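Report on the structure given below.
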Amino acid sequence: MTAKKLVGCLLLMELLAGLAGCEQDAVRRVRNGEACSAADSFRAEVTFCRRVSRRSGQRLGVGHEFRIAEKSYVRAFVDFAGVQPQRTHSVHLVWIRPDGQELFRKYAEISLAPLEKGYKARVCWLDAEDHVYRREEEQTAAGPIFSLDSSLDISADRSRDPGEYRLRIYWNRELLLEEPFTVLTAS
């Protein structure tokens, strides 16, 4: 390898490491709850709810406490904004039981592409264990944003333990957020 090629390779590696470092700094800011003033900065927010209105798409029964009942679910939405386009991002949504053990996980790979007006997110859901393709969805928006959702069945016949559960969100294999919610016994 010539000296020019070697220097070029080293500069490219340094540039890529710097870009990755910037993104991981954004992950640390989100994890630490640090607000960022820039409107286009990377951020994520979790919303728990009972269900979603079929008519309006509004999230109903938003909160952090959910009571066990017949046909009862905890729906989790993770809304991402300020996402870097033109690359593939990986997200793990991991549900944790009150005893700290993993209940199950969902895995998605997301790529965001600019359109003439706005952005298109391609969400490819894969099997969490062996990463085999399961399904794909597309979302379009005015900015570099997308939303992922998952649900936990807390119906009476599932015999879920009451207590504090958690949803962990991993962004590109690094813990981004951990959001608690409480499951209460049937009334």
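Read-outs throughout are calculated quantities, based only on the coordinates presented, and are distinct from any laboratory measurement. Just so you know, these numbers come straight off a predicted model, no measurement behind them. Cβ: placed from backbone, ideal geometry, glycine included. Neighbour counts: every protein chain shown.
Extension gain, Lys117-Ala69: 0.36 nm per intervening residue step, less the Cα-Cα distance, totals 12.9 nm. Comparing the range 43-92 with the 2.2 N^0.38 Å rule of thumb, its C-alpha radius of gyration ratio is 1.45 (two decimals). Scaled against 2.2 N^0.38 Å for its residue count N, the alpha carbon radius of gyration of the range 108-187 is 1.43. Given R0 = 22 Å, the distance between the Cβ atoms of Arg51 and Glu178 translates into a calculated FRET efficiency of 0.40. Sorting 118-127, 135-144, 50-59 by their mean Cβ neighbour count within 10 Å, with the most densely packed peptide first, gives 118-127, 135-144, 50-59. Let me know the whole percent of all Cα-Cα pairs from the range 39-184 that are separated by more than 19 Å. For the range 39-184, the share of Cα pairs beyond 19 Å comes to 55 percent.
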